[in-house]
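Here's the structure we're looking at; comments come further down.
The values are calculated or read from the model by the stated rules, or taken from the named source; none is laboratory data. None of these values were measured; they are calculated from a predicted model. Virtual Cβ from ideal backbone geometry, glycine too; neighbours counted across all protein chains shown. Heads up: the accessible areas ignore ligands, DNA and RNA and are worked out on the full protein's heavy atoms, side chains in. Shrake-Rupley method; radii C 1.70, N 1.55, O 1.52, S 1.80 Å.
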Amino acid sequence: MDTVQLSPYHSAIPSWSGFQYQGKVAINVVLDYILKIELSEIDLYSLELEWYEDFSIIKEERYVSIHQVKSYKKRILSEYKDALWNLLGKSVLKDGTDSYLHAATELDTIEDMKLRLINLTPPPEPKLPKDPSKEPRMKSYTPWHYYKMVIDRDAYDRAFKNLALYSYGNSKHYCPVNELERQIKKRIKQYFEKNKGSSPTQAHIETTYNYLLGELDKHITIRHSAEQESEEVSQEFLPDRICFSNFISILNSEWEEPSEEYITLGLRDIFHSTCDLLFHELYETISTEGHNHRLEDLHRAESYVREIARMSNASFYSFCQMITPHIVLEKANSHAFRNLIPENGMDVFCLALYEIKHVLNGYKYIVQDKQKNLCYLPSTIKLNVSRLKSESGQLSKIAVGILGNAAIRDELFEVEVIITENVSAHSLESAANKFIDISSKSKENNNITKIKNIRLIDIDTAMEELN
């Protein structure tokens, strides 16, 4: 067997939880650099994604700074131990390159970390493989390798001089998940004021923000799709770098009316940011309650969201229409933001992915029970009942909306059951007829009849039927 070579470059695909946070941190850092460097030097700089670190800033071929991102809510130093050793070791490898740790919660100072990290249990040494012949020829360094590198070279003090918690202004060295969007938009406004001498409209800021994230999404999706078949670091797989000039082109664009592409990019951001927050909360609950056996379920749910991230814009918009089937919006428009990814319904969809243990297939969001030959569609549907809104009336409106949604009629033909939070009905037709007579004497095709017979069930019932 060939000797296994170790590399500081990695190609591991992260879990989705925290991934959107990582991307937005990268955009924020790029904007910080753009605001402080001369525009004449823009073409010399680029953003490198998930290669030497979570992301890095490159000037020509030299690493200017390397960045690791953690979206944990915990403050315990041991949770950040591996990240710190990685950054310290990589800074040594790159001759004192500045390294930054980005955190979503307030941490101890770097000075405190330096005093305490050396006294923690070192990262575990990788175990020898049972079958060396099946090992890849090249593997990434582990935190243990970086720990050994720093200690053996007596570089602990020197490496810590190049390590910092990233500053978000006003002496703040952390940024919560829900604060990043405001930080990015603030920097977009600063760019306009600095380089154009005027303040942009809020609509212009929103549009620029979505296109900046879209530029990042294009590269990350391609990269993850290329890597998903293998965890081995490939010498032929080059780092993905985005030249700063790409971001400048977006910042300098004179946006007109929002296009379908812009609407879809915005929906992607809302969808993944919401999933990110919900999965993060699930992780915290699992950790707090000690239910570590549920981590497998969380990772499975995250893997579905990664698959959804790989969809084309057209497929993603169709996906949004499917999980909110009672909202009729054939084309992407400004109403899509409020309706297709409902704030009070996304928890239903994410919970279904988490609780139902069947593997998704087909459209990546349809659960198929092969034994019963039934397809279940997780949705965002939930009843909001009040004194002015009866359960029967709301249920009828939902059913009528689904039956009248021509945009997804072909896809609904493949579904027998729609999973909701708290809605139950033997069929869409029976639910709709509670308030509105939808019977028709005209001849119906088999597809329409089948859609009328779709059942609505709540998550608990879905778990009983599928788990």
Practice task
Starting from the amide H of Ser379, placed 1.01 Å from N in the peptide plane, find each other amide H under 5 Å away whose residue is 5 or more places distant or on another chain.
Solution key: Ile419
Fill in the blank from the handout: Diffing segment 31-41: the Karplus 3J(HN,Hα) column from phi (6.51, -1.76, 1.60, θ = phi - 60°), in whole Hz with x for Gly and Pro, holds 5, 4, 5, 4, 6, 10, 9, 6, 4, 5, 9
Exercise for the section: Grab the beta carbon distance between Lys186 and Asp157, set R0 = 30 Å, and tell me the FRET efficiency rounded to 0.05. Expected result: 0.25
Practice task
Quote to one decimal, in nm, the extra length available between Lys59 and Lys218 on full extension: 0.36 nm per residue of separation minus the C-alpha distance between them.
Solution key: 55.0 nm
Exercise for the section: Note the full-extension length gain between Asn252 and Leu39 as 0.36 nm times their separation in residues minus their Cα-Cα distance, in nm to one decimal. Expected result: 75.5 nm
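In segment 258-328, what is the volume of the convex hull around the alpha carbon atoms, normalised per residue and reported in Å³?
Values: hull volume 6.5 nm³, N = 71.
Looking at segment 258-328, the number lands at 91 Å³ per residue.
Kindly report the accessible area of segment 41-83 per residue (heavy atoms of protein chains, probe 1.4 Å, no ligands, DNA or RNA), in Å². Walk me through the numbers before you get to the answer.
Numbers: 1630 Å² over 43 residues.
Accessible area per residue: 38 Å².
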Handout entry: Residue-span extension gain [His291 to Arg75] - 0.36 nm each, minus C-alpha spacing
Key = 75.7 nm
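What ranking, highest mean first, results for peptides 94-107, 37-50 when packing means the other Cβ atoms within 10 Å averaged over each residue? Present the calculation step by step, with values, prior to reporting the outcome.
Values: 94-107: 18.9, 37-50: 16.4.
So the order, starting with the most tightly packed, is 94-107, 37-50.
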Fill in the blank from the handout: For Thr461, the accessible surface traced by a 1.4 Å probe with all protein chains present amounts, in square angstrom to the nearest 10, to 40
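When the solvent-accessible surface of protein heavy atoms is calculated with a 1.4 angstrom probe, in what order do Lys196, Lys161 fall, highest first? Display every interim value, and only then the final one.
Details: Lys196 75, Lys161 175 Å².
In descending accessible area the options line up as Lys161, Lys196.
Could you compute the FRET efficiency for His299 and Arg409, with r as their C-beta to C-beta distance and R0 at 30 Å, rounded to 0.05?
Details: r = 34 Å, r/R0 = 1.14.
The pair His299/Arg409 has a calculated efficiency of 0.30.
I need the calculated FRET efficiency for the pair Glu343 and Glu284, taking r as the beta carbon distance and R₀ as 25 Å, to the nearest 0.05.
Details: r = 20 Å, r/R0 = 0.79.
Efficiency at R0 = 25 Å is approximately 0.80.
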Problem - Computed label-point distance, nm, for sites Glu111 and Glu125 using a 7 Å Cα→Cβ extension - result: 3.6
Completion exercise
In order over segment 109-125: 3J(HN,Hα) from phi, Karplus 6.51/-1.76/1.60, θ = phi - 60°, whole Hz, x for each Gly or Pro, gives 5, 4, 4, 5, 4, 4, 5, 9, 4, 5, 8, 6, 4, x, x, x, 6
Exercise for the section: Would you mind checking which residues have amide H under 5 Å from Ser427's amide H? H placed 1.01 Å from N; only 5 or more apart, or other chain. Expected result: Leu456
Exercise for the section: Once you have a ≥ b ≥ c as the square roots of the Cα gyration tensor eigenvalues for segment 26-173, tell me rounded if a/c is under 1.5, and otherwise prolate or oblate according to whether a/b is larger than b/c. Expected result: oblate
